[in-house]
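Peer 1: Mind having a look at this structure? Questions to follow.
Throughout, read-outs are computed from the coordinates displayed, never taken from laboratory work. Please read these numbers as outputs of a predicted model, since none were measured by experiment. So basically every Cβ, Gly included, is an ideal-geometry build from the backbone, and we count neighbours across all protein chains shown.
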Amino acid sequence: MTSIQAETATAPDPRAVLSKAVTRSAERLDISKALLVRVLGVSASTVTRLFAGNYRLEPSRKEWEFALLFVRMFRLLDSIVGSEGTARQWLASDNLGLNARPVDLIGNPEGLVRVVLYLDAARGQV
């Protein structure tokens, strides 16, 4: 077996990686399954199966892009505030720059993008 074949054979499935990252991010940020339904644009049963490990996000579907943004939001928050408690508090607090609570914005695509762009800009200043 060549080194390229070995790398291919052991490479993790991106669908499994992103699916797990979404559920872990939601748990750490205390995002409800109902809100995650809106964030990803999938059904409640799909989110339940996602948390149970019985569903993997698909790169060919829009849910993939929303999942990437959601995980990116989590990672940006983590890099800026450094603690899950502070991140949860930030999400639930009124934000003058966003003119809303971030948790209220992330349930629709435009709001999720706004929050990610805001955090990108804030991280650039740190």
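Peer 1: Which ones in the stretch 30-48 are among the aliphatic types (A, V, I, L, M) and either part of a helix (DSSP H, G or I) or touching a strand residue (DSSP E or B) at 6+ places or on another chain (Cβ under 8 Å) (or both)? Show your work before the answer.
Peer 2: Just the residues of the stretch 30-48 that are among the aliphatic types (A, V, I, L, M), to begin with: 31, 34-37, 39-40, 42, 44, 47.
Once the filter is applied, which keeps residues that are among the aliphatic types (A, V, I, L, M) and either part of a helix (DSSP H, G or I) or touching a strand residue (DSSP E or B) at 6+ places or on another chain (Cβ under 8 Å) (or both), the stretch 30-48 yields ALA34, LEU35, LEU36, VAL37, VAL39, LEU40, ALA44, VAL47.
Peer 1: Of the conditions (1) in a helix (DSSP H, G or I); (2) under 14 Å from the mean Cα position of the chain (by Cα), LEU57 satisfies every one except a single condition; which number is it?
Peer 2: That leaves (1) as the condition not met.
Peer 1: Select from the stretch 93-118 the residues that are among the aliphatic types (A, V, I, L, M) and in a loop (DSSP other than H, G, I, E, B) and write down the one among them that is farthest from the chain's Cα centre (by Cα). Spell out the reasoning first.
Peer 2: Filtering the stretch 93-118 down to residues among the aliphatic types (A, V, I, L, M) leaves 96, 98, 100, 103, 105-106, 112-113, 115-117.
With in a loop (DSSP other than H, G, I, E, B) added as a condition, the list becomes 96, 98, 106.
Working: LEU96: 23, LEU98: 19, ILE106: 10 Å.
For the stretch 93-118, the residue satisfying everything is LEU96.
Peer 1: If I filter the stretch 75-82 for residues that are outside any helix (DSSP H, G or I) and farther than 18 Å from ARG24 by Cα, do I get at least one hit? Can you show your working first?
Peer 2: Step one: of the stretch 75-82, the residues outside any helix (DSSP H, G or I) are 82.
If we keep only those that are farther than 18 Å from ARG24 by Cα as well, we get none.
Within the stretch 75-82, not a single residue is outside any helix (DSSP H, G or I) and farther than 18 Å from ARG24 by Cα.
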